[in-house]
Protein chains: 2
Amino acid sequence: MQRQSYTCGLDAAIDVMGGKRKGLILFWLGEGPLRFGELRRTVTGISERMLTLQLRELEASGLVHREVHHQVPPKVEYSLTEFGHSLIEVLGPLGQWGEENMERLEASREARGPAGVSGSAAP
Amino acid sequence: MQRQSYTCGLDAAIDVMGGKRKGLILFWLGEGPLRFGELRRTVTGISERMLTLQLRELEASGLVHREVHHQVPPKVEYSLTEFGHSLIEVLGPLGQWGEENMERLEASREARGPAGVSGSAAP
DNA sequence: CGGAATCCGCGCGGATACTG
DNA sequence: CAGTATCCGCGCGGATTCCG
C-alpha cells in the first residue's frame with residue numbers, strides 16, 4: 001500500500017515543512033540567502049548530516065534553491081524559491097502565534113517530553 | 001543537557017502541532033467536538049495507540065479538552081480549547097496553502113519519500 | 001466503547017571519519 | 001568549506017491483547 005494521498009491541505013503542508021527543523025531552516029532562509037556553514041551555525045542543534053538531508057528534501061519540494069559556486073574554497077548558497085516565499089508568508093502568523101505563547105508552550109513541553117525519564121533501566 | 005528553549009516562535013509552534021498527525025487532529029476538531037471513535041475514523045491512517053498518545057500531548061499542551069462521560073457505553077469527547085482555537089486560526093492559511101499547492105506537493109513527495117523502496121520482505 | 005499495556009521492527013537522527 | 005559515508009542507538013509508531 002502506498003499510503004494514500006494527502007487527506008487535506010494541512011496534512012500536505014505539515015508533511016513538507018513539519019520535519020524536525022525544516023521550519024527553522026525555512027524561517028532563517030526567509031531572512032535572506034545563507035551558505036551551508038551559516039545555516040549550520042544559525043539553525044542550532046542540528047547536525048551536518050541532518051542539515052544536508054533536510055535541505056535536500058526542501059530542495060526536492062521546490063521550496064529551496066541551491067546555488068553552487070565552483071571555486072575554492074567551495075561556496076554553496078541556499079535561498080528560498082518563489083514557492084518557498086509563498087510558504088513562509090503563511091508561516092508568519094504561525095511563528096507569531098508561537099512567539100506570543102512561547103512561555104505557555106515551553107511550560108507544557110515538559111509535561112509532554114519529560115526528557116530525563118529514563119533512569120530506571122532495570123532489565 | 002536539556003535541549004535549550006525554543007529558538008523562535010515557529011520552532012515552538014511546529015513542535016506543538018508538527019507531530020505526525022497532530023495537525024490533522026486539530027483540524028478536524030476545529031470543525032467541532034468529536035468522540036474517540038469518530039476521530040479514529042476521521043483521521044485516517046492512524047492507529048489507536050498513536051491517536052491516544054497524540055491526544056494526550058495535545059491535551060497536555062492545553063490545545064485540546066477531554067470530556068469524559070462516565071456511562072455505559074463509555075463516551076469521551078474531545079474538543080478544542082480557546083488556546084486550540086487560536087492555533088487553528090493561524091493554521092487556516094497554512095492549510096489553504098497546502099490545498100492550493102497539493103498537486104505540486106504530492107508530486108515532489110515521491111522524490112523525497114520513495115515509500116515502497118524495499119517492501120518485498122519475503123520471510 | 002475507550003483506552004492501557006506489551007512486543008518489536010525499523011527508520012530517524014547523532015557522532016565520527018573521510019573526500020573534493 | 002561543503003559535503004558524503006558508515007556505524008549504531010533509541011525512540012517512534014504499528015499490531016495485538018486485555019481491561020473498565
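Laboratory data are not the source of any read-out in this text; all were calculated from the coordinates shown. A quick note: this is a predicted structure, and the numbers were derived from the prediction, not measured. All Cβ positions, glycine included, derive from the backbone under ideal geometry; neighbour counts span all protein chains shown.
What the table below lists for this structure:
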| read-out | value |
| --- | --- |
| Listed residue (B:Leu53, A:Gln96, A:Tyr6) projecting farthest to the positive dipole end of the protein assembly as shown, Cβ model | B:Leu53 |
| Cβ charges +1 (Lys, Arg) and -1 (Asp, Glu), total dipole of the stretch A:9-93, debye | 420 |
| FRET E, pair B:Glu100, A:Glu100, Förster distance 22 Å, beta-carbon r, rounded to 0.05 | 0.25 |
| The protein assembly as shown: Cα Rg divided by the 2.2 N^0.38 Å rule of thumb | 1.09 |
| DSSP-loop trypsin sites (Lys or Arg not before Pro) across the stretch B:52-85, with at most 13 other Cβ within 10 angstrom | none |
| Average projected area [Cα convex hull, chain A], square nanometres | 12.1 |
| Lysine pairs meeting the criterion (Cα under 22 Å, 8 or more apart or interchain), as found in the protein assembly as shown | 6 |
| Net length gained if the chain between B:Arg49 and B:Arg66 were fully extended (0.36 nm per residue, minus Cα distance) | 4.5 nm |
| Calculated label separations, A:His69, copies of the chain, 7 Å along the beta-carbon direction, nm | 6.5 |
| Whole-number percent relative contact order across chain A, with pairs defined as alpha carbons under 8 Å at least 6 apart | 22 |
